[in-house]
Amino acid sequence: MGRLESKVAIITGGARGIGRATAEIFGREGAKIIIWDMLEAGHQTAQELRDQGYVAEFMQLSITDVPALEAAARDIFERYGQIDILVNNAGITRDKSLLKMSFEEWHQVIDVNLTGVFNCTKTIVPYMVERQFGRIICTSSVVGQVGNFGQTNYVATKAAIIGMVKTWAKELGKYNITANAVAPGFIKTDMTDLIPEEVRNQTVAGIPVKCMGLPEDIANAYLYLASDEASYVNGHTLSVNGGVA
Ligand SMILES: NC(=O)c1ccc[n+]([C@@H]2O[C@H](COP(=O)([O-])OP(=O)(O)OC[C@H]3O[C@@H](n4cnc5c(N)ncnc54)[C@H](O)[C@@H]3O)[C@@H](O)[C@H]2O)c1
């Protein structure tokens, strides 16, 4: 019996990276997976999950598009009769120091990493309330806890996540809905592949365990927070960062 048997889980940003690893692990644990992502690659990801025998589908949308989210959520609820888990994992970076960052770069990151998380949660929570069960998991970052050079926009969103899950924990606990966050450290994905090698090596040198994390390290933390084992964990941010902070 899997740890997420008979649960329906929406994973944003599940086409690749941490979200994709999460879809695989949640599928293995018996959840039915719905991936929300903008990337065409989501079709292939969902097919590969089905090839492994999991129930998985892909809906191509942006988490900034509220009407698309509302239509997708309605469709899922009509077909599955439940939405149990929301993993707000999608995120982007537009890194520049404050002096160089444009207003557009600020807004792009706020729109996806902060407003996108609000959009998805606001859309899904009424379905969770209806069934008096829900697990909301959001992706923060170690940089939201300690700050980072060149990431004013990104850090603002990742720090905000920590406050939002504490608020949702207080508002939604009475409906048997928990809200928690995971704060990853430096994880090997397409996002961190964008960072110049020299900077990556310097960053790894500063991590006590002396290596980058893997997408599965974060997916396993999401799994714990989505599982029954974490039913009394609420409003928490779980650091998964090799001891860097
Ligand atoms: N990789 C790291 O070191 C690291 C560290 C801390 C936090 N995080 C966070 O973990 C999460 C996953 O990161 P990753 O490294 O797997 O990144 P990634 O770039 O590999 O994957 C992110 C996914 O989000 C999707 N996405 C982006 N904007 C979207 C939108 N508007 N609507 C729908 N989908 C959208 C992308 O298409 C992509 O598939 C992000 O929130 C990121 O900020 C990553």
Problem - Among GLY14, GLY53, GLY30, residue whose mean-square fluctuation peaks in a GNM of the chain (springs only between Cα atoms under 10 Å) - result: GLY53
Practice task
Have a look at SER97, SER141, SER231 and tell me which one the Gaussian network model of the chain (Cα, springs below 10 Å) gives the largest fluctuation.
Solution key: SER97
Practice task
Quick one: among LEU86, LEU39, LEU98, which has the greatest mean-square fluctuation in a GNM of the chain with alpha-carbon springs under 10 angstrom?
Solution key: LEU98
Completion exercise
Once GLN60 and ASN220 are pulled to full extension, the length gained, defined as 0.36 nm per residue separation minus their Cα-Cα distance, is 55.1 nm
Handout entry: FRET efficiency, LYS96 to SER6 (Cβ-Cβ, R0 51 Å, nearest 0.05)
Key = 0.65
Completion exercise
Taking the square root of 5λ for each eigenvalue of the C-alpha gyration tensor of segment 60-111, the equivalent ellipsoid has semi-axes, largest first and in whole angstrom, of 33, 11, 6
Problem - Rg(Cα) / (2.2 N^0.38 Å) computed for segment 1-107, rounded to two decimals - result: 1.19
Problem - Sorted by Cβ neighbour density within 10 Å, fewest at the top, the residues CYS138, CYS211, CYS120 - result: CYS211, CYS120, CYS138
Problem - Value in Å of the Kirkwood radius, where segment 8-238 supplies the Cα pairs that are averaged - result: 17.8 Å
Completion exercise
Relative contact order as a percentage, segment 8-238, C-alpha pairs under 8 Å and 6+ apart, gives 20 percent
Fill in the blank from the handout: Summing -39500 (n - 2.57) over every DSSP H run of at least 4 in the chain, dividing by its residue total and rounding to the nearest 500, the 222 nm mean residue ellipticity is -14000 deg cm²/dmol
Fill in the blank from the handout: Whole-Å distance linking the alpha carbon centroid of segment 162-207 with that of segment 75-151 is 11 Å
Handout entry: Too-long pairs where the Cα-Cα distance tops 31 Å, listed order kept, from LYS7/LYS174; LYS100/LYS170; LYS100/LYS122; LYS32/LYS210; LYS32/LYS174
Key = LYS100/LYS170; LYS100/LYS122; LYS32/LYS210
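Readers should treat all values here as calculations from the given coordinates under stated rules, not as data from a laboratory. This is a predicted model, so every value here is computed, not measured. Backbone-built Cβ (ideal geometry, glycine too); neighbour counts: all protein chains shown.
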